[in-house]
Each structure stands twice: as structure tokens, then as C-alpha cells.
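Visitor: Here it is, the structure, as C-alpha cells.
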Amino acid sequence: MSDGPGKCRPLNIQKNGTFSPEDLKEIRNVMRNKYAEISISSAGRFQYPTGRDGAKALGYDPDIIKSAAPGFLESFCGVGNPFSLGEIQNGEVVLDFGCGAGFDLFVASRLVSETGRVCGVDLTEEMVKRAKLNLASAHVSNVEIKKVDSEDIPYADHTFDVVISNGVINLSPAKNVSFREIYRVLKSGGRFQFADVVSENELPADLTGSLEAWSQ
Ligand SMILES: C[S@@+](CC[C@H](N)C(=O)[O-])C[C@H]1O[C@@H](n2cnc3c(N)ncnc32)[C@H](O)[C@@H]1O
């Protein structure tokens, strides 16, 4: 981790822009530790509105927000609204890449209805547990969730009509693999509807290319 108070641990970025296996492991561990805490609550953890207020500010359907059990929203930390980018139809098969505590899974399950299916993958064990609990207590039966250890998506080629993702791609230390995998699991003509963040300003020099940049 960090070399000491106030010091950042530099990462060894390879010539082709990728990280060493050791750095990939450390980046994922730093991220998992952060999101394990957020699986309890996202309140006060981000510079943008999260939880129920965040969902309202991002324009999610007020009826769906009202009908969602509090557990779905307590840890919600989406940065946008992937459902505003295109309609999802009854009967479609949807993947949420980085599903967190499951609010977007809940929304998608309502849109595809009982004739459709929704799958979620997440890197953080605690988020997966929280999402499973949330879905079970809401009696949602058309959703399944898998814990993953990397950007590899544990589904066959051409499985999904739509892949959604909300604030996850920026966290991936292997973005090329994320995009390749998402493309692989989409059906021909499938849609990728994602919301994410980009930095408009340069990071402070000591933070650029450091492990700590991934846990901010
Ligand atoms: C910003 S949260 C978004 C969670 C959820 N979409 C929401 O809106 O509340 C990011 C989530 O992505 C997960 N994550 C980060 N990188 C991932 C990856 N490569 N594959 C799967 N999940 C990942 C984290 O564990 C965390 O739960």
C-alpha cells in the first residue's frame, strides 16, 4: 500500500499501458476494500449525491424508487442513469457490469418483467452478498448475480441484449479487457448503455499513476 503518511505508492505502468499482475492484484484489493465499506452505506463517501437522493437527482423513475426496498438505495452510488440512454423491453436479457448492491438490477428486472432475465457481476464479495440479500427480501426471481475476480465475464458469447454499467469502467485497471468482454457477451445488434466519470483536470502529480488514485 502507501509507503508512509502522505506518500503515494507508484504503479509500474508497462509500455503497452497495462499493469503487472502484482499491481492488478493490489489495485483490485484497494477497490474491494473501499466498496466492501460502501456495501454497508454510500452516505458521505462521494462528492456527488448517492443513495435515494442520488437516484432522484439522476432522474430514475420515481415509482420505481418508491417501490425499491431501502437496502437497494442505501449503498447506491451510481454516477448516471443507464436507463435514460435507451428503452429496455419486456423479455430482454440484461447484464449489469459492476452491479454493486443491486439497485440497477432491481430497475432492470422491472423493465424486462418476468419474461426477461437480468444478470449482475461484481468484484466485491460484500456487494454481491448485499445485492443477493436485497433481491431475496424483495422477492425478485428473474435476477442472478455472480462474483468475479477480474474483468472476465462468466457468460457465453452473444448472451445479452443489453449491457448496462454505472460508474464501473473508470475503476477497471484493464479497460481494454472490460470493453472486449462486454462486446463479446452482447448479441449482434445488442446495446451497451453505460454511465461513467472522467476527470476534466489533471490529478495532483503524486497521485497520477499511483495506487491511491484508484481508491479516491
Ligand atoms: C460505483 S459502484 C457502482 C455500483 C452500482 N452500479 C450502483 O450504481 O450502485 C462500482 C461497483 O463496481 C464494482 N467493480 C469495480 N470494478 C469491477 C470489475 N472490473 N468488474 C465487476 N465489478 C467491478 C465494485 O465492486 C462496485 O461494487
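Visitor: Using a Gaussian network model of the chain with C-alpha springs under 10 Å, which one of Leu73, Leu95, Leu133 is most mobile by mean-square fluctuation?
Guide: Leu133
Visitor: Picking from Gly209, Ser199, Tyr155, whose Cα lies most toward the positive end of the charge dipole for region 109-216 (charges on Cβ: Lys, Arg +1; Asp, Glu -1)?
Guide: Going by the charge dipole, the pick is Tyr155.
Visitor: Related question: Nearest-5 percent of antiparallel DSSP beta bridges in the chain?
Guide: Antiparallel bridges make up about 15 percent of those DSSP assigns within the chain.
Visitor: Amide H to amide H, which residues 5 or more places from Asp96 or on other chains are under 5 Å from it, using H placed in the peptide plane?
Guide: Residues meeting the criterion, in which the H sits 1.01 Å from N, are Cys119, Gly120, Val121, Ile164.
Visitor: Nearest 0.05, what FRET efficiency do Tyr48 and Asn16 give at R0 = 25 Å with Cβ-Cβ as r?
Guide: Calculated transfer efficiency: 0.15.
Visitor: Would you please put 84-91, 47-54 in order of how densely packed they are, using the mean number of other Cβ atoms within 10 angstrom per residue and starting with the highest?
Guide: Put in order of decreasing packing, that is 47-54, 84-91.
Visitor: Hey, fewest Cβ within 10 Å first, where do Lys15, Lys34, Lys66 land in order?
Guide: The most exposed by this proxy come first: Lys15, Lys66, Lys34.
Visitor: Please report Phe19, Phe106, Phe194 as a ranked list, fewest other C-beta atoms within 10 angstrom at the top and most at the bottom.
Guide: The most exposed by this proxy come first: Phe19, Phe194, Phe106.
Visitor: Could you tell me which residue out of Asn134, Ile164, Val177 lies farthest along the dipole of region 121-177 toward its positive end? Charges go on the beta carbon: Lys and Arg +1, Asp and Glu -1, centred on the Cα centre.
Guide: Among Asn134, Ile164, Val177, the one farthest towards the positive end of the dipole of region 121-177 is Asn134.
Visitor: Still on this structure, I have one more. 7 Å from Cα along Cα→Cβ at both Arg9 and Ser84: what's the point-to-point distance in nm?
Guide: It is 3.7 nm.
Visitor: Taking neighbour Cβ counts within 10 Å as the exposure measure, how do Cys119, Cys99, Cys8, Cys77 sort from fewest upward?
Guide: Taking fewest neighbouring Cβ atoms as first place, the list is Cys8, Cys77, Cys119, Cys99.
Visitor: Would region 126-216 count as rounded, prolate or oblate if I go by the C-alpha gyration tensor, calling it rounded below 1.5 in a/c and otherwise prolate when a/b exceeds b/c, oblate otherwise?
Guide: It is oblate, given that a/c is not under 1.5 and a/b is not larger than b/c.
Visitor: While we're looking at this one, here's another question. Would you please classify the overall shape of region 6-113 from the alpha carbon gyration tensor, given that a ≥ b ≥ c denote the square roots of the eigenvalues, rounded means a/c under 1.5, and beyond that prolate means a/b larger than b/c while oblate covers the rest?
Guide: Since a/c reaches 1.5 and a/b is larger than b/c, the shape of region 6-113 is classed as prolate.
Visitor: Length gain on complete extension for the stretch Leu203 to Lys147, per 0.36 nm per residue less the alpha carbon to alpha carbon distance?
Guide: 17.1 nm
Visitor: I would also like to ask the following. Which residues' amide hydrogens lie under 5 Å from the amide hydrogen of Phe192, considering only partners 5 or more residues apart or on another chain, with H built in the peptide plane?
Guide: When sequence neighbours closer than 5 places are left aside, the close amide H contacts are Val163.
Visitor: A further question on this structure: Given charges of +1 on the Cβ of Lys and Arg and -1 on the Cβ of Asp and Glu, with all other atoms neutral, how large is the dipole of the chain about its Cα centre, in debye to the nearest 20?
Guide: That gives the chain a dipole magnitude of about 220 debye.
Visitor: So, one more: Can you tell me the orientation of helix 175-185 relative to the chain, as the angle in degrees between its alpha-carbon axis and the longest Cα principal axis, to the nearest 10?
Guide: Helix 175-185 sits roughly 20 degrees off the main axis of the chain.
Values quoted throughout were computed directly from the atomic coordinates according to the rules given, and no laboratory measurement underlies them. Treat the numbers as computed from the prediction; the structure is a model and nothing was measured. As a convention, Cβ positions derive from the backbone with ideal geometry for all residues, glycine included, and neighbour counts pool all protein chains shown.
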